[in-house]
Structures are given as C-alpha cells and as structure tokens.
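K.L.:
Provided herewith is a single structure, encoded as structure tokens, for subsequent inquiry.
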Amino acid sequence: MSFTVGVARCADYVRENVSRAVAEAVERAGGMPENALGEALVKANLLSPAEPERAVTTHPEVVRAVAAEIRRRFGARVHIADNPGFIFTDTADLFKKTKIEEAAALDGVSCGLLADRGFREVGSGAFKALASARISARYLDAAYCVNAPKLKTHLETEISGCLKNIFGTADTETRKKCHNSRSRKRLADAIADIYSVKPPQFHVMDAIESMEGDGPSYGIPRKTGFVLAGANALAVDWVAATIMEYGNPMDIPLLAAAACRGMGPASRGEISLVGAEWEELPARGFKKSSGYVRALPVFLRGIGYKLVSVAPRLDPDKCVKCGICARVCPVGAILPERDANGGFPSVERHKCVRCLCCHEMCPTGAMTAHKNLLARLIEKSRM
Ligand code: SF4
Ligand code: SF4
C-alpha cells in the first residue's frame, strides 16, 4: 500500500504564500476527501496562549488557509478548535494571543474550545495502554475533521505532529494518566490508543517555522519551509521526522507504536512523496529533543533513559508563584506553596516521573528542563 504526502515549499507566513502552499500541498496529496456534510472541524494545535512567533501553536495563517481551502472546496462551515491545558481558562486571551480569532474572522468560520460540549468515556478492545479515555464530545461528534498540527520537538515523545496533536482531544485526567505511564513506549501506546478512536479525514501540517530543541513549549523556532498534507497521519509524521533529520523515523517510539498497529507506513518505500525529493527535506543541524539518549548504543538505551537525566528545576527569578505546575503534575510531586520554600513550588524528587508537564505548562519558563552532567556531555559530543 502506498501513502501519498503532498509537500509545498513556503518561506514565510505572508498570507498569499501560505494560501498557495496549503492549496498546493493538499492538491499534491490527492485532495481532501469529499465532504457533503456542510460542516467541518479543524483541530489546530493551540497548546497555550502564545504569540505565533514562538512557534508553540499552529500559525494562524496556516489555520486560516486550511479553513479557506475547506470553504473553497466544499462550501462547508468550519469550526476551529482545540483543548489547551486546562489551566488556560481565558479563552478570549487564547484566541487573541494565538491570533486564531483572525482566522475565524473568515465568512463561515468560527472558533472555540474542544471542551465546550464536555467529554465522553471511550473504551476499545484494541487499546494497548489505556482501559478507556475521555475524549471531547465535539471531536467525537464531528463527522469531518482536518488535523492542523504544528511541527515541534517534544521532550517526551520527540515529535509533536499529526499523531500527537490528536492526543489533545483527550481530557486533562486522561492526559495526566498517560504522562504518568513511566515508560516512553507506554506513553506512545497511549497516544496511539487515543488516535485510534477517531482518525481525522485529512492532515495539513504547519512546518514553515517549526520548533527545535526542548519543545513543545520552550524550544527554539526554526525555519524549515514546508507545508505537508496527506490522508495518513503516520505518513505525514514520517516526512516531518525526515525534516527533523531522523535517519529512521521508526526510532521515534510514537511512530513505531503507530506502525506496529498498521496505522500507516512502516518504511519509507510505502510513502509516495509529491512536490519534493527526500534529500531536499532535512533541516541541517536540526536540534532534536532527548538526542543524547538516542546517541547511546541501542543496548544501552534502556539504562540510558534512567542515567541520562532531564528533570524539572525551578528558576525562582522567573517564577510568579501561580501554582500551575502543581496542578498539572500527574503524580502530585509538586508542593505549591511551602512556607519553607518562600512560597515557591518545590518538586518531591522521589515522586517525580520526569514527564516534564510542569515545564511544558509553566507560563513564564520558570520550570526548566535541567539536564545532568552525563546528559550534557552526550549532547555536546553530538554537536
Ligand atoms: S514554576 Fe511556573 S508554573 Fe510553577 S508556580 Fe512558578 S511560574 Fe507558576
Ligand atoms: S514534577 Fe514535573 S516532571 Fe515531575 S512528574 Fe510532576 S509534572 Fe512531571
């Protein structure tokens, strides 16, 4: 079986350039599947109220172009939505800072939260890691969905792309359960479980300016210059991983977990790339997350994940004592306001599972991802 991925170059976020690139990538991927329903949901990545320049969220021009493309092709009403961290309750601020409200200003387009109709418990005999998951009712009820992720690194899953973006349809408790799974393979299986509930019909990825380093919240924006499109999430993620300079994307546990279940290609030969050659894709010197662990010989990697430590560490100068880190921690390892610590949060190391959700959700960057000496040495040796 062959999976087509459409690729279009795009150097910046100038509206006409993005509109052209999205239309080209979609066309090269064979077009979006027919939609006679009169409505569509666009699942963007709106992780937090971050300005588009930070590359944390799907750029509003890409979301706008995707919505416009759906309108142009099918005349369908489009609703743009996501389920950001539960701590971000000011939706007006979210849509303003991410500039998604500008995308939603198009005729026939609206935006909102995926949580607006609550969540429903879903179970499946095909689940490998979870007994059940609570998924957004709006997402479950949408008969036509286009996934619009941002290409980013991720300290836990290495890549945040099509598969990972759908993880965001689950409620906070489900996500916490997954992050507390204490093994990268199990987390990968949990994300694949959630993805399998209801794969979107199509994917358009914003890889114009991606995030490298310690994503998904505090990595570094990096121009990569592509829009990717396709009907298969794993195939699009495979191409995205190639942009990130992965020689073998199957080294990424999440992609391997999806391939094991037959969710898409297990080899490059199964992908039909239209619009670029494979050799043109890699962003030279792209900074991956957790690269130092992958640099270890395969037989040492299990031990390496334990020895090569990346753990949360507080920078008190940046901390505003908001307590968000304590609320998102899946294992209750953060005590929010201990007098002994001057009101700063303190991490109980023996409880911490190093999921780095506190780092991801900290609004000021005060909870850093600290690498121990061995981690830094391995990282340096790879430069
Ligand atoms: S570390 Fe960040 S999330 Fe935690 S209290 Fe300080 S500012 Fe808030
Ligand atoms: S303290 Fe931070 S890294 Fe440790 S388990 Fe809690 S959220 Fe995860």
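All of the numbers you see were taken from the coordinates with simple rules; none came from a lab. Everything quoted here is computed from the prediction, not taken from an experiment. Quick reminder, even Gly has a Cβ in these numbers, built from the backbone with ideal geometry, and neighbours come from all protein chains shown.
K.L.:
Distance check, please: which entries in Lys152/Lys288; Lys152/Lys351; Lys223/Lys318; Lys288/Lys371; Lys150/Lys288 exceed 18 angstrom between their Cα atoms?
P.N.:
The pairs that break the limit, which is 18 Å between Cα atoms, are Lys152/Lys351; Lys223/Lys318.
K.L.:
From the backbone phi of the stretch 360-377, what are the Karplus-calculated ³J(HN,Hα) couplings (6.51 cos²θ - 1.76 cosθ + 1.60, θ = phi - 60°) in whole Hz, Gly and Pro given as x?
P.N.:
Values per residue, Gly and Pro as x: 5, 9, 4, x, 10, x, 6, 8, 8, 9, 8, 9, 6, 4, 4, 4, 5, 5 Hz.
K.L.:
Let me ask you something else. Gap in Å between the Cα centre of the stretch 38-113 and the Cα centre of the stretch 163-216?
P.N.:
If you average the Cα positions of each part, the centres end up 18 Å apart.
K.L.:
Further question: Go through the stretch 265-277 residue by residue and turn each phi into a ³J(HN,Hα) via Karplus (6.51, -1.76, 1.60, θ = phi - 60°); whole Hz please, and just put x for glycine and proline.
P.N.:
Values per residue, Gly and Pro as x: x, 10, 8, 4, x, 8, 9, 9, 8, 10, x, 7, 8 Hz.
K.L.:
Okay, moving on. Percent relative contact order of the stretch 138-182, based on C-alpha pairs within less than 8 angstrom and at least six residues apart?
P.N.:
Once normalised by length, the contact order is 26 percent.
K.L.:
Between beta-carbons, use under 10 Å as the cut-off and find the net charge around Tyr195, counting Lys and Arg +1, Asp and Glu -1.
P.N.:
Residues close to Tyr195 contribute a combined charge of +2.
K.L.:
Right, next: If amide hydrogens are placed 1.01 Å from N in the peptide plane, which non-local residues have theirs closer than 5 Å to the one on Met367?
P.N.:
Result for Met367 returns Asp315.
K.L.:
Quick check: residue separation of Leu373 and Arg15 times 0.36 nm, minus the Cα distance between them. What number comes out in nm?
P.N.:
124.4 nm
K.L.:
Once every DSSP H run of n ≥ 4 in the chain is given -39500 (n - 2.57) and the sum is divided by its residues, what mean residue ellipticity at 222 nm do you get, rounded to the nearest 500 deg cm²/dmol?
P.N.:
Dividing the helical sum by the residues of the chain leaves -8500 deg cm²/dmol.
K.L.:
For Glu34 and His350 in the same chain, what is the full-extension length gain: residue separation times 0.36 nm, less their Cα-Cα distance, in nm?
P.N.:
That pair, Glu34 and His350, stretches by 108.5 nm at full extension.
K.L.:
Just need the relative contact order of the chain here, percent rounded to a whole number, with Cα pairs under 8 Å and 6+ apart.
P.N.:
18
K.L.:
A further question on this structure: Mind checking which of Gly118, Asn17, Ser267 is farthest towards the positive end of the chain's charge dipole, using Cβ charges of +1 (Lys, Arg) and -1 (Asp, Glu) about the Cα centre?
P.N.:
Of Gly118, Asn17, Ser267, it is Ser267.
K.L.:
Something else about it: Quick one: if you stick a label point 7 Å off each Cα along the C-beta vector at Leu307 and Lys223, how many nm between them?
P.N.:
A separation of 4.1 nm, rounded to one decimal place.
K.L.:
Where nothing but the Cβ of Lys and Arg (+1) and of Asp and Glu (-1) is charged, how large is the charge dipole of the chain around its Cα centre, in debye to the nearest 20?
P.N.:
1180
K.L.:
Ratio of alpha-carbon Rg to the 2.2 N^0.38 Å globular estimate for the stretch 3-280, to two decimals, please.
P.N.:
Relative to the 2.2 N^0.38 Å estimate, the stretch 3-280 comes out at 0.90.
K.L.:
Please list, in order, the residues from the stretch 2-39 whose amide nitrogen is less than 20 Å from a point placed 7 Å along the Cα→Cβ vector of Glu279.
P.N.:
So the set is 7-9.
K.L.:
Between Asn341 and Glu51, what is the FRET efficiency for a Förster distance of 25 Å, r being their Cβ-Cβ separation, to the nearest 0.05?
P.N.:
With a Förster radius of 25 Å, E is 0.20.
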